[in-house]
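Note sheet for the following structure.
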Amino acid sequence: MILGPTSVYKCPKCGNLFKNSSVKSSFSMGGFLYSDGQLIESMAPKSLTLTKCQKCNTYLWLNKLEDINTKKWQHPIKPEWRKADFAKFLTIEENFDALKQGIAENKDEEKYIRKQIWWEYNDRKSENQKMFIDENDELMWRENCIALSKLLNFNDTNQRIMIAEINRNLGNFDKCIDIINTIDDTEINWVKEKYITECKKKNKWVILLNNPMESFPTRTNSPEVESPEPDTDDILSKDDTHTQEKPIKLPKLDIGRLMD
Ligand SMILES: [Zn+2]
């Protein structure tokens, strides 16, 4: 992994400095792809978009703040920058609080936050923790799932899979299967059966879709095509001019587009 420049931000409310590092390139061995679209790569940190000032508790969109580290790679780095805290991901409670405070100014921002909440709940499951703290927690989760599914775009295949997955999470197994069966995309048809199988087993919860120890399947599973190295840019793009050698589009990661 090669680290990219560290961005430095100043809280517009209290002036507190905080930073966020980026990765210039990472050598990925694939990653753990989950049924909710999360791709966990051990060598690549998740991208951070919404955070909270640790000093004054103001929620801040990083993409709306000015990176004051304009002279990238210039040394020595200012001592006050070195001392600054790293920006943190919001917890489930903080994400709900951010929504309540009206931090989402449009549907895409609301979708981003609600998706983070959905994924954080699922992280509990994939980390073998208790899914819900209490009945209210479950109710909050359910309301978020329903609100998120209404924000997702059915015409976008990746998002349509998420709508199907949310229906499975909510126990609407027949609806999940119906939605999954509307998908016919040669790049992602390999996952359809996995969702359908879990529905038939009446399993509501997030599952791992791939075996990261195996190479990622290609569109054709052709043995002469080398297993592609997942490249975030490629995954993020919705470019339909792909060739056979390009990696499959993983049903994930439309964060970049959401924030466009
Ligand atoms: Zn602040």
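Couplings 3J(HN,Hα) for region 146-159, derived from phi with the Karplus relation 6.51 cos²θ - 1.76 cosθ + 1.60 (θ = phi - 60°), are 5, 5, 5, 5, 6, 8, 6, 8, 5, 6, 9, 4, 4, 6 Hz, where x marks Gly and Pro.
Please list 178-189, 127-138 highest first by mean number of surrounding beta-carbon atoms within 10 Å per residue. Intermediate values should be presented prior to the final figure.
On the way: 178-189: 14.8, 127-138: 10.6.
Ranked by mean Cβ neighbours within 10 Å, highest first: 178-189, 127-138.
Volume of the convex hull of region 83-144 (Cα atoms only), normalised per residue: 112 Å³. Would you mind checking the pairs Lys64/Lys100; Lys175/Lys201; Lys130/Lys175; Lys13/Lys55 and listing those with alpha carbons more than 18 angstrom apart? The answer is Lys64/Lys100; Lys130/Lys175.
Inter-label distance, Leu139 to Glu93: 1.8 nm, where each label sits 7 Å from its Cα along the C-beta direction.
Summing Lys and Arg as +1 and Asp and Glu as -1 over all other residues whose Cβ lies under 14 Å from the Cβ of Asp178 gives a net charge of +2.
Length gained on full extension, Asn189 to Lys64, computed as 0.36 nm times the residue gap minus the Cα-Cα distance: 41.3 nm.
Note on Lys78 and Cys56: their simple-model spin labels are 1.7 nm apart, each label 7 Å out from Cα toward Cβ. In a fully extended conformation the segment linking Thr182 and Leu170 would gain 2.4 nm over its present Cα-Cα distance, using 0.36 nm per residue.
Taken together, the values in this text are just the output of simple stated rules run on the coordinates, not laboratory data. Fair warning: this is a prediction, and the values are worked out from it, not measured in the lab. Glycine also receives a Cβ, built like all others from the backbone with ideal geometry; neighbour counts cover every protein chain displayed.
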